[in-house]
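Structure first, then comments.
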Amino acid sequence: MKIIKSVSEFREAYKNADKPLGLVPTMGFLHEGHMSLVRRARDENATVAVSIFVNPTQFGPNEDLLDYPRDMESDLAMLGNAGVDLVFAPSANEIYPPGFDTQVDVGSIGSRLEGEHRPGHFKGVATVVCKLLAIVRPDRCYFGQKDAQQCLVIQRLNADLNLGAEIVVCPTIREPDGLALSSRNINLNPDERKASLVLYQALGKAKDMLESGEKDAEEIRGAMRRIIEHEPLAEIDYVSVADPFTLEELNEISGEALALMAVRIGKTRLIDNMMI
Ligand code: PAF
């Protein structure tokens, strides 16, 4: 496994790499969720590249950039065991050198939900993903459904700017009790870890209600909110039952819907979603 820190070195490695090339972009502190993307990429491509870069531009001024968990040694060991060929782990200066002054402005899909609660977040995500696609030039690029809105933003970006990668969205990986895997779960203390189950419970409730014939999306949002509000350690950022492609809030559900939420458990902000 080759560990590459600069864009110019990556360009050299790219020339010699067998194609197709699959990229898994990450911010490190890898867990089974990331590794499921890596395994899928390994199955589908001759060369697998993983990027590890905690992208400063997607964190707001009051967010957890400095506290974001990092463990490069363990990440590299996991990637080595999974048969990854190339690891791209640039510095912030390599990605945003002095004079850097271009950003990707995402449209309506990025302005709702996460976009509303984390202004500038998707501009940072879209800009760095655009750069990673330009540097790594993958045939396929792998993302997790846990970040459902991010997947939609990136699919739009890839189509609108003709970036040419196939965007592969892989299922959310959960703990046995339902909590979606996330690097941020490490910050939950034991009480918060128990409290965090309200996210999955609320999503399950949404699914049950729809399956039992409830078509009124506001009724479903209300039931989800009540489950979360019952937990004293949880504070809702948003609860949504939306169109799975546009993320517009639904009134009446006629086909599939996406239930999404962001909830603060203590200081840790968790997101989750489920197709219902
Ligand atoms: O999902 C993530 O880990 C990040 O948002 C990504 C896609 C690697 C961009 O920094």
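Does S254 satisfy being over 25 Å from D191 (Cβ atoms), part of a strand (DSSP E or B) and hydroxyl-bearing (S, T, Y)?
The answer is no for S254.
Do we find a residue being open to solvent by 60 Å² or more (accessible area, probe 1.4 Å), in contact (Cβ under 8 Å) with a residue 12 or more places away in the chain and not basic (K, R) anywhere in the range 77-87? The answer is no; no qualifying residue exists. Restricting attention to the range 229-251, the residues that are closer than 25 Å to S108 by Cα and assigned to a loop (DSSP other than H, G, I, E, B) add up to 8. For D101, the conditions (1) farther than 30 Å from D43 by Cβ; (2) crowded, with 18+ Cβ neighbours inside 10 Å all hold with the exception of (2). From the list F100, F29, the lone residue that is among the aromatic types (F, W, Y) and closer than 20 Å to T127 by Cα is F100.
Among all positions in the range 235-246, there is at least one residue which is open to solvent by less than 10 Å² (accessible area, probe 1.4 Å) and either among the polar types (S, T, N, Q) or over 26 Å from V169 (Cβ atoms) (or both). A residue that is open to solvent by less than 50 Å² (accessible area, probe 1.4 Å) and under 17 Å from L21 (Cα atoms) can be found somewhere in the range 52-60.
If the condition is being closer than 30 Å to P119 by Cβ and either in contact with a Cys (Cβ under 8 Å, 6 or more places away or on another chain) or hydrophobic (A, V, I, L, M, F, W, C) (or both), then the range 40-71 contributes V50, I52, F53, V54, F59, L65, L66.
Return yes when D64 is open to solvent by less than 50 Å² (accessible area, probe 1.4 Å), of a type in the set (D, E) and in contact (Cβ under 8 Å) with a residue 12 or more places away in the chain and no when it is not. So D64 fits the description; yes. For the range 246-255, the criterion of being within 22 Å of I154 (Cα to Cα) and touching a Leu at 6+ places or on another chain (Cβ under 9 Å) is met by at least one residue.
The values are calculated or read from the model by the stated rules, or taken from the named source; none is laboratory data. Keep in mind that this is a model prediction, so the values were computed, not measured. Using ideal geometry, Cβ is built from the backbone for each residue, glycine included, and neighbour counts are taken over all protein chains shown. With ligands, DNA and RNA removed, areas are computed over all heavy atoms of the protein, side chains included. Shrake-Rupley method; radii C 1.70, N 1.55, O 1.52, S 1.80 Å.
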